[in-house]
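See structure below.
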Amino acid sequence: MGLKAKLPGEKAAVRASVFVAVFLAFPAAGARAMHIMEGFLPPAWCVAWGALCIPFVVKGFFSIKKKIAGNSRMLLLLAMCGAFAFVLSALKLPSVTGSCSHPTGVGLGAVLFGPSAMSVIGVIILLFQAMLLAHGGLTTLGANTFSMAIAGPFAAFGVYWLLKKLKAPAALSVFAAAFIGDLFTYIVTSVQLAAAFPDPGGGFMASAVKFLGVFAITQIPLAVSEGLLTVVVYQGIKKYSRPELEALKAY
Amino acid sequence: MKLWQKNLILLALVAAISVIPLVFVKGEYGGADDKAETVITEIDESYTPWASSPYEPASGEIESLLFALQAAIGAGIIGFGFGRLSAKSKAGEKN
């Protein structure tokens, strides 16, 4: 499969992107210390989160290139993972808090192709929603990418990896990965908002509790739904595409 | 139990999880992001959004059209994928 072989230019590109991220993110964040809506995050934070995302997306680009190289079935599976996230992030579901939110759908791809591959797919979905649906935003693209396309997939992948080590059944590992990936995305969103808008009285913590109340509680039942839907699709893929899952170490 | 039977049960569970709040919890069922806007303005009354979306759907109908389109494109690709995967695994092809 040649998964280990580095593509020409990868090292340089990843290094350059890390440099840009560090260079842009830290001064900007130091200037003051589901998706965030367009214009609802102060500019310094937009730049900081955006810069932090760059290395992950660059890494993801090369990771995808390597994994699908010369294998049309892998490409098909990747397209299905992207499409799954596309469908799920279009479904605004009602929740116990009396408001609606949508799942992220990035857990499936994170389990199959690894978290950084989902960073690329997540950016594409967020761009689509920001430009055509007035959902999320271009100025908040960096912050939203960090929560949905980086933090969520990495959490999902970590949970999957851990449960696999503990020899949990595949369906349970996939469910837990998708559940945690979804929930963690919105926890990060709440933290991002709390950091940018600390409560005048209670500071960061008081703010975080307020935003968690809005985002995280709403998200819990949705995360369960996402977990179940991810298991449905995963089991289907497992039935028809076992050799690929074994090659991806996601069997 | 066959795979399709298991999956049917899981899908029914998803439907139940979505319907239960609608039946038992009274709410406006607006978006959680709109609620977050309210929290932001509570914390910092002077904050005004400094950018607006490049394109706002002309109405709720147009917005739902675009969301339906997004879901339909995704579902189409997944269906196509499963079709190819199952056909290929039946034919015993290996790439």
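The values are calculated or read from the model by the stated rules, or taken from the named source; none is laboratory data. Just so you know, these numbers come straight off a predicted model, no measurement behind them. Every residue, glycine as well, gets a Cβ built from its backbone with ideal geometry; the counts of neighbours run over all protein chains shown. Note: areas computed on protein heavy atoms with side chains; ligands, DNA, RNA excluded. Shrake-Rupley method; radii C 1.70, N 1.55, O 1.52, S 1.80 Å.
Just a few scattered comments:
- Check on A:G98, open to solvent by less than 10 Å² (accessible area, probe 1.4 Å), within 12 Å of another protein chain (Cβ to nearest Cβ) and within 16 Å of A:V159 (Cα to Cα): no
- The lone exception for A:L127 - which of (1) in contact with a helix residue (DSSP H, G or I) (Cβ under 6 Å, 6 or more places away or on another chain); (2) assigned to a helix (DSSP H, G or I) it fails: (1)
- Qualifying residue in the stretch A:74-82 (condition: farther than 27 Å from A:S225 by Cβ, in a helix (DSSP H, G or I) and either open to solvent by 40 Å² or more (accessible area, probe 1.4 Å) or within 7 Å of chain B (Cβ to nearest Cβ) (or both)): yes
- Criterion violated by A:F113 - all others in (1) within 14 Å of the chain's Cα centre (by Cα); (2) open to solvent by 20 Å² or more (accessible area, probe 1.4 Å) satisfied: (2)
- Consider the stretch B:21-36 and keep the residues that are open to solvent by less than 90 Å² (accessible area, probe 1.4 Å) and among the hydrophobic types (A, V, I, L, M, F, W, C). The one that is nearest to A:K239 (Cα to Cα) is B:A32.
- Filter pass, A:C46 being facing chain B (nearest Cβ under 10 Å), over 27 Å from B:G74 (Cα atoms) and of a type in the set (A, V, I, L, M, F, W, C): yes
- When residues of the stretch A:143-194 are limited to those that are more than 20 Å from A:F86 (Cβ to Cβ), under 13 Å from the mean Cα position of the chain (by Cα) and among the small types (G, A, S), the one surrounded by the fewest Cβ atoms within 10 Å (Cβ to Cβ): A:G158
One line per residue, one yes/no per condition, for (1) within 24 Å of A:S190 (Cα to Cα); (2) at the interface with chain A (Cβ under 7 Å from one of its Cβ atoms); (3) of a type in the set (D, E, K, R):
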residue: B:L10; (1), (2), (3): no, yes, no
residue: B:I20; (1), (2), (3): no, no, no
residue: B:F24; (1), (2), (3): no, no, no
residue: B:S46; (1), (2), (3): yes, no, no
residue: B:S59; (1), (2), (3): no, no, no
residue: B:L69; (1), (2), (3): no, no, no
residue: B:R84; (1), (2), (3): no, yes, yes
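- Within chain B, helices (runs of 4 or more DSSP H) holding 2 or more residues that are touching a strand residue (DSSP E or B) at 6+ places or on another chain (Cβ under 7 Å): B:3-24, B:32-43
- Leading residue by the ranking (farthest from the chain's Cα centre (by Cα)) among those in the stretch B:37-70 that are closer than 19 Å to A:L127 by Cβ and buried (at least 16 other Cβ atoms within 10 Å of the Cβ): B:A51
- Scope the stretch A:204-218; condition more than 8 Å from chain B (Cβ to nearest Cβ) and either surrounded by 23 or more Cβ atoms within 10 Å (Cβ to Cβ) or not aromatic (F, W, Y) (or both); matching residues: A:M205, A:A206, A:A208, A:V209, A:L212, A:G213, A:A216, A:I217
Let's see how each residue does on (1) modelled with pLDDT of 95 or more; (2) more than 9 Å from chain B (Cβ to nearest Cβ); (3) assigned to a helix (DSSP H, G or I):
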site: A:L3; (1), (2), (3): no, yes, no
site: A:P8; (1), (2), (3): no, yes, no
site: A:A29; (1), (2), (3): no, yes, yes
site: A:K59; (1), (2), (3): yes, yes, yes
site: A:F62; (1), (2), (3): yes, yes, yes
